[in-house]
1. Leaving ligands, DNA and RNA out of it, work out the accessible area of Glu103 with a 1.4 Å probe and give it in Å² to the nearest 10.
2. Nearest-5 percent of antiparallel DSSP beta bridges in the chain?
3. How large, in percent, is the carbon and sulfur part of the accessible surface of the chain at a probe radius of 1.4 Å?
4. For the chain, set up a Gaussian network in which alpha carbons nearer than 10 Å are linked by springs, and say which option among Glu47, Glu105, Glu144 fluctuates the most.
5. Give me the distance in nm between label points sitting 7 Å out from Cα along the Cα-to-Cβ direction at Val33 and Asp157, one decimal.
6. Solvent-accessible area per residue for region 7-139 at a 1.4 Å probe radius, Å²?
7. In sequence order, what are the phi-derived ³J(HN,Hα) couplings for region 90-106 according to the Karplus relation 6.51 cos²θ - 1.76 cosθ + 1.60 with θ = phi - 60°, rounded to whole Hz, with x for glycine and proline?
8. Roughly how many Å is it from the Cα centre of region 84-154 to that of region 1-51, as a whole number?
Amino acid sequence: MTEQDTIWLTQEAFDKLSAELENLKGPIRQKVVEQISAARDEGDLKENGGYHAAREEQGKIEGRIKQLEQMLLKAEVGAASSNGIVEPGMVVTYKFVGDDDDEAEKFLLGAREIDPDGLNVVSPQSPLGGAVIGAKKGDTVGYEAPNGKTLEVVVLDAVPYAG
């Protein structure tokens, strides 16, 4: 597994996703199976809206289970170091080249499954996330935006995410 394939998670995020997975595989999956069974007992399945809705819900749940299993399989759990070099698990403050310092923005470099209270999350696999990995305070890095333009940003700070 390469660095780009790794999903970096704090212990808190890993525990939260693991709990969600167990809940989906246990009580939630069981509830939907019961709904499907009850709807099936009503008779004609062609015109049984409850049956079709329960089957659709089952598909969503199974998809989320697979997504979580893959994410947790690729997860690297731990805290970011405080050496000032940008790596997953850090809050990065940056600005676009040419912008004033008061236009600086912040993001958490990590998995989008994390909900860091209003802080934007940028994946290490994204163009911006991949460009800043390994940079340190004061470095200017460039990356290709989805629209094909090359953008440059200055890393103003990188500190471990405190949760």
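The values are calculated or read from the model by the stated rules, or taken from the named source; none is laboratory data. Computed from a predicted model, the values in this text were never measured in an experiment. Cβ atoms come from the backbone with ideal geometry, glycine included; neighbour counts cover every protein chain shown. SASA here: full protein model, heavy atoms, side chains in, ligands and nucleic acids out. Shrake-Rupley method; radii C 1.70, N 1.55, O 1.52, S 1.80 Å.
1. Accessible surface of Glu103 is approximately 90 Å².
2. In the chain, DSSP labels about 75 percent of beta bridges as antiparallel.
3. Working: 4670 of 9680 Å².
Carbon and sulfur atoms account for 48 percent of the accessible area of the chain.
4. Glu47
5. With each label point 7 Å from Cα toward Cβ, the separation is 5.1 nm.
6. Details: 7730 Å² over 133 residues.
Computed with neighbouring chains in place, this is 58 Å² per residue.
7. 10, 8, 9, 9, 8, 9, 6, 4, x, 7, 6, 4, 6, 9, 5, 10, 10
8. Spelled out, the Cα-based centre of one part sits 33 Å from the other.
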